[in-house]
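Following: one structure in structure tokens, then a few remarks.
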Amino acid sequence: MPQFKLENQVFDIDAAGSPVSECELIEFEKKIGTKLPSQLRSFYSHWNGGLPYPNYISEDKCVWVRLSWQKGTDAVQGGTGAIFEGLFRINADPSIDFYSNWIEFKQSIPNDVICFAYNPGSSLFLIGIREYNLGKIFFWSSAYQANIGEGEIPNYDNIAFVANSFTEFLLALREEPNDGESLEDWAKRVYEK
């Protein structure tokens, strides 16, 4: 299994595709109309999608990350954590293809982010692409999405903050909660060490 080291922590990568060439990255960026944030771009030049996770998490466990919702939004009921299933691949099967998923969901998410990763509940991980949010990672909950058919415009009411950068996102990945453990107790246990 491929591995990489990030700030003295070893990560395994499950189901990564072949690295994406510079030409393929440029072509992909033309298709989506924006340049990928540098840390995510670098990841794709080494590994094409897949599930990076700290190697202390066993393969039979799910990888989770903490979420910070805006107070007062309905989506806060989603809880303080979400499963991270993996990054989309560039030039892959449509179900996990970066471009295909961006096309499918771009009308449902704000236009200052792109979706780059997924969770098993049809929700997405997003990365900022504008100067004011460049490289920041967010979680979009499909359960609370804007009703576009009724004229609602996608905003941050169903989006949780995750990390200030792709590197910070990777370093924040943790093992799933224990059986019967609340998400709040899990977040306190694994993030407040």
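What the table below lists for this structure:
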| item | result |
| --- | --- |
| Total charge dipole magnitude, region 67-193, about the Cα centre, Cβ charges on Lys, Arg, Asp, Glu only, Debye to nearest 20 | 360 |
| Cα-based reach from Lys188 at 20 Å (exclusive), listing aspartates and glutamates while leaving out same-chain residues under 8 positions away | Glu168, Glu175, Glu176, Asp179 |
| Gaussian network model of the chain, springs between alpha carbon atoms under 10 Å - residue of Ile57, Ile148, Ile96 with greatest fluctuation | Ile148 |
| Listed residues Gln39, Gln77, Gln145, most fluctuating in the chain (Gaussian network, C-alpha, under 10 Å) | Gln77 |
| Positive-end residue, the chain charge dipole about Cα centroid, Cβ charges, pick of Phe43, Ile57, Tyr191 | Phe43 |
| Kirkwood Rh and Cα Rg combined as Rg/Rh, region 57-191 | 0.96 |
| Which listed pairs, of Lys35/Lys106; Lys106/Lys136; Lys35/Lys71, have C-alpha distances above 27 Å, in listed order | Lys35/Lys71 |
| Estimated inter-spin distance, Asn8 and Glu175, nm [label 7 Å along Cα→Cβ] | 2.1 |
| Least to most buried among Tyr132, Tyr99 (fewest other Cβ within 10 Å first) | Tyr132, Tyr99 |
| Region 24-34 - phi-based ³J(HN,Hα) in whole Hz, Karplus 6.51/-1.76/1.60, Gly and Pro as x | 5, 5, 4, 5, 4, 5, 5, 4, 8, x, 7 |
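Values quoted throughout were computed directly from the atomic coordinates according to the rules given, and no laboratory measurement underlies them. Only a predicted model underlies this, so the values are computations on that prediction, with no experimental measurement involved. Here Cβ is always computed from backbone atoms with ideal geometry, including for glycine, and neighbour counts include all displayed protein chains.
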